[in-house]
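Written out below as structure tokens is the structure these notes cover.
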Amino acid sequence: MEKELKLMKGNEAIAEAAIRYGADAYFGYPITPQSEVIEYFMEQNPIERTGMVVLQAESEVAAINMVYGAAACGMAAMTSSSSPGFSLKQEGLSYIAGAELPCLVLNVVRGGPGLGTIQPSQSDYFQSTKGGGHGDYRLIVLAPASVQEMYDFVQIGFDLAFKYRNPVLILSDGIIGQMMEKVEIGPQRKRRTMDEVIKQCPWATTGKTANRERNIITSLDLVASRQEEFNRKLVKKYDTIREKEVRCECINCDDADYVFVAYGTSSRLCMKAIDLLRKEGYKVGLVRPITLFPYPSKIIAGLAERVKGFLTIEMSTGQMVEDVMLAVNGKRPVKHYGRVGGVVPTPEEIVDAMKNFMKGE
Amino acid sequence: MAELTINDIIKEENLVYKKTKVMTDNVMHYCPGCGHGTTHRLVAEVIEELGIQDKTIGVTPVGCSVLMYNYLDIDMQEAAHGRAPAIATAIKRVMPDKFVFTYQGDGDLAAIGTAETIHSCNRGENITIIFVNNGIYGMTGGQMAPTTLAGMKAVTCPRGRDVNTMGYPLHITELIAQLPNVLSKTRRTARVDFRSLK
Ligand SMILES: Cc1ncc(C[n+]2csc(CCOP(=O)(O)OP(=O)(O)O)c2C)c(N)n1
């Protein structure tokens with residue numbers, strides 16, 4: 001079969017991928033730079049294409065709670081937003097994690113804090129990987145670096161969400177969301193029938209039929225010892241995820257003296273910087289975490305045995321760098337370089353930052 | 001005349017009332033005099049009467065009735081404080097053949113969840129909202145609710161609700177009744193006979 005190629009924005013690719021995946025529902029609220037997600041959905045009218053429900057909610061709070069409601073029925077449900085809106089979703093995400101429901105959420109990050117800017121940023125790393133909302137929980141976090149990955153991570157994300165009954169976050173930024181690239185589109189998958197949903201999700205609230213006990217979706221347990229037991233169960237799940245689901249790309253690391261650590265847009269900039277540095281004879285590589293939770297700590301720890309140092313490049317004042325430091329555990333120098341507030345660093349700036357780092361500055 | 005024995009009394013033809021099967025046997029946690037038990041039973045009886053137990057999904061609020069799912073033998077979801085109508089919206093949209101209801105107190109529905117309430121009603125979502133208004137925040141210990149009456153004392157307005165600083169009780173039901181997409185609104189009192197409490 002011939003490949004289906006399309007020129008798309010990252011935000012459009014997400015929506016098309018969800019329709020093709022056979023997702024059941026999307027709930028969203030407009031915010032720059034991700035409004036194209038809901039606009040594309042509305043334009044495509046997926047209720048006609050596949051029967052998928054799409055609704056513009058009254059707020060991000062309502063949207064994420066709609067996701068909770070649909071997910072609790074065993075549906076493949078998703079929402080998307082950008083930083084200020086994503087803060088509002090933290091309540092719902094905490095409840096979704098606490099009720100162990102599968103869902104997919106997208107954050108097309110812009111600069112903050114507060115209303116910040118509408119320009120791209122990577123300053124929501126802490127919020128995304130360390131919990132974000134209240135309580136001890138984790139999201140599985142995927143960091144796309146291209147429009148193709150925006151498309152592909154929808155399927156990967158939903159599959160992981162259902163495998164672990166855990167919310168999955170695609171952590172993107174204003175550049176990946178807005179830029180247009182060639183995308184290879186997959187075939188249209190059929191949405192599951194109600195019988196298939198019930199078979200896959202026997203825990204879902206699909207109506208208490210005579211052949212089973214009632215299903216209750218809740219994150220509440222007023223007995224402390226039972227709640228502790230549940231917290232421990234979650235930890236076990238997260239440990240399994242740490243063991244099995246790490247995704248990471250190591251580029252030019254085999255002979256590298258120094259490596260960049262960067263995800264998403266920053267990793268693309270580092271690729272260009274590596275080209276420039278290697279032309280000058282510097283042996284430099286890149287570790288690109290694709291999952292930010294689980295973090296590729298073991299891979300970085302392994303590299304710390306032989307490379308001379310790690311420079312993280314982030315469009316933040318230094319967030320992921322803390323995870324690199326934890327992984328390196330004092331063995332090698334670790335530094336951060338970043339531009340913030342919506343400013344994107346140039347490859348030349350990154351080259352200079354690496355040269356300074358190598359000089360020990 | 002021969003005396004009636006207990007067995008005569010509970011004969012099928014003498015039965016005028018029995019507990020609906022839609023209620024579980026779990027012991028309720030409500031305080032003496034609380035109307036939630038009565039209201040739960042009414043909801044359960046209607047579900048039985050309509051024969052929709054297998055296709056009803058209920059959404060419970062944050063409030064005294066947070067544990068309602070322990071008492072009704074149907075599939076239920078527990079909502080975050082005030083978000084039940086958003087959750088019910090999604091349930092009904094993804095499974096349009098189900099009967100979906102929320103059960104909410106006045107703090108839940110008319111304070112923190114006002115936006116979710118008004119917008120789900122304004123969209124004309126095909127759901128039922130059961131609004132249980134006791135004029136107070138029960139679960140957290142009797143603080144002022146949006147529905148607390150003018151002059152009424154509560155632990156966060158110990159000198160009575162002052163309408164100049166705290167506003168008038170919010171007539172949320174009347175507000176919602178103005179919305180063209182709202183099909184019907186009824187008002188009932190779940191009366192508790194305190195004389196029986198002694
Ligand atoms: C986000 C959030 N804020 C506050 C609370 C604390 N809280 C629990 S129940 C409640 C009030 C509920 O009052 P109402 O809806 O009138 O129901 P009632 O308890 O009177 O039945 C509050 C404020 C909470 N659980 N979550």
Read through the list (1) of a type in the set (D, E, K, R); (2) in a helix (DSSP H, G or I); (3) open to solvent by 50 Å² or more (accessible area, probe 1.4 Å), then give the number of the only condition that A:Lys190 fails.
(2)
How many residues are within 25 Å of the chain's Cα centre (by Cα) and within 18 Å of B:Tyr69 (Cα to Cα) when one looks only at region A:219-231?
1
Counting only residues that are touching a residue at least 60 places away in the same chain (Cβ under 8 Å) and buried (at least 22 other Cβ atoms within 10 Å of the Cβ), how many does region A:241-268 have?
7
Go through region B:98-125 and report how many residues are more than 13 Å from chain A (Cβ to nearest Cβ) and either farther than 19 Å from B:Thr39 by Cβ or more than 10 Å from the ligand (Cβ to nearest atom) (or both).
1
Can you report the number of residues in region A:110-143 which are in contact with a Gly (Cβ under 7 Å, 6 or more places away or on another chain) and part of a strand (DSSP E or B)?
3
Looking only at region B:130-140, count how many residues are open to solvent by less than 50 Å² (accessible area, probe 1.4 Å) and more than 7 Å from the ligand (Cβ to nearest atom).
2
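The values are calculated or read from the model by the stated rules, or taken from the named source; none is laboratory data. These numbers come from a predicted model, not from an experiment. Backbone-built Cβ (ideal geometry, glycine too); neighbour counts: all protein chains shown. We work out accessible area using only protein heavy atoms, side chains counted, and drop any ligands, DNA or RNA first. Shrake-Rupley method; radii C 1.70, N 1.55, O 1.52, S 1.80 Å.
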